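Notes to accompany the following structure.
Just so you know, all these numbers are worked out from the coordinates, no wet-lab data involved. Every value quoted in this text rests on a predicted model; they were computed, and no experiment measured them. Cβ placement follows ideal geometry from the backbone for every residue including glycine, while neighbour counts extend to all protein chains displayed.
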Amino acid sequence: MKGIILSGGYGERLRPLTFSQQKQLIPVANKPVLFYAIEDVIKAGIKDIGVVVGPNREQVEETIGRRKWNASIEFIQQGEPKGLAHAVMVSQDFVGDNPFVMYLGDNILKEGISQHVAEFQQSGCDASILLCHVTNPTMFGVAELGENGEIVRLVEKPKVPPSDLALVGIYMFRPSIFKAVHSIKPSWRNELEITDSIQWLVENGYKVKSAIVSGWWKDTGKPEDILEANRLVLDEIESRNEGKVDEKASIRGRVSIGKGSEVEGKCMVKGPAIIGERCLIKDSYIGPYTSIGDGCRIIGTEIEDSVVMEGASLQNVGRIVDSLIGRGVNAKATSVLPNGHRLILGDYSQVEL
């Protein structure tokens, strides 16, 4: 069995962060979201993986290449993103006649996919989809099930949802899916929808099964989703200290501190929280559900329930909550007159002062 992991698209809902980095590379608990997908596929016993890439191909390839994986990873160029079914199309040569998992690289699933993959391999079904109860089904592809749990129909982002069962961004297919994706037409969004492809299988007599996930699932497509995923992952973090903590500092709860990092002065770090490598935390408060990336400097600042990415510097900027701070951001207080905020903000930035 092979694995296809999608890491394309423009990530418009995560701008301005995605002007400079691919959305699947945004970190959750100091690890790119994409890595959670790769790890899940490998844990399911799949060692032959294709990563579908688009506009930021070099960035994705470089990030994946920094780590050794217990699998063979190839890159499949999609070019202009034209929908999930189009991603299946461009993967056909890689997949060949093998069954495969398709995993959207901006999804995180607590329970993993090992059990679902095993059940699919034994089932003989042409497709298997994972479903999750959600409160906002209009934002997702939605499944309508029959009395015996069979798939009746699938609808992409319906205005009037037939159920609250959203399609998790993880699918299992046999090669019959290629006939489906070549048979459908673009949707009203001018995309080739995977929901239409699976619906084609249902209507043409192919066997499609479903399973409802038992743990949490997050589609990290928006800033609030990144923060929620960060909370969920940090809830399971283990304490670790590979850095240096000043005797004046206080560490409470489950906190992970990376190599070469220093926590100095009157600091309090309250877990669950993670501090990456080569960081300086001085005279600051790091509150629960906060991730501090490698090489960051946090001085005289309070920050809680936030994600701070690699190389950011926050100095004497007061209290920060519920925030995403991008790579290399430099924010500091100044006493230069006249008083006021000095801002250099990219397109689509959001600021609350």
Using only DSSP helix segments of four residues or longer, with each worth -39500 (n - 2.57), what per-residue ellipticity at 222 nm results for the chain after dividing by its residue count and rounding to 500?
-5500 deg cm²/dmol
Those trypsin sites (Lys or Arg not before Pro) from region 197-253 that are DSSP loop and have at most 11 other Cβ neighbours within 10 Å turn out to be K248
Set of region 165-184 residues, backbone N closer than 19 Å to the point 7 Å along the Cα-Cβ line of T138:
165-167
Considering Cα pairs under 8 angstrom that are at least six residues apart, work out the relative contact order of region 2-222 and quote it in whole percent.
24 percent
If one builds a Gaussian network model of the chain from Cα atoms under 10 Å apart, the most fluctuating residue listed among G65, G141, G112 is G65
Count the net charge of all other residues whose Cβ sits under 12 Å from the Cβ of E304, scoring Lys and Arg as +1 and Asp and Glu as -1.
0
Between R189, R327, R174, which gets the highest mean-square fluctuation from a Gaussian network model of the chain, Cα cutoff 10 Å?
R189
Run the quick spin-label model on S183 and N204: label points 7 Å from Cα toward the beta carbon, then report their separation in nm to one decimal.
0.3 nm
Straight-line reach from K270: which lysines have Cα under 25 Å away, leaving out those fewer than 8 places along the same chain?
K31, K110, K218, K244, K248, K259, K282, K332
Set the Förster radius R0 to 25 Å, insert the Cβ-Cβ distance between Q92 and E236 as r into 1/(1 + (r/R0)^6), and round the FRET efficiency to 0.05.
0.10
Looking at the chain as a GNM with Cα springs under 10 Å, which of A331, A37, A87 has the largest mean-square fluctuation?
A331
Which labelled figure in (i) 20.6, 69; (ii) 22.0, 73; (iii) 18.9, 61 is Rg and Dmax of the Cα atoms in Å, once derived from the coordinates:
(ii)
Return the FRET efficiency for the residue pair D322, S72: r is the Cβ-Cβ distance, R0 is 35 Å, and the value is rounded to the nearest 0.05.
0.30
With a point put 7 Å past each Cα toward its Cβ, work out how far E264 is from E224 in nm, to one decimal.
3.9 nm
Counting DSSP beta bridges in the chain, what percent are antiparallel, to the nearest 5?
25 percent
Ranked list, fewest to most other Cβ atoms within 10 Å of each Cβ, for Y171, Y206, Y103
Y206, Y171, Y103
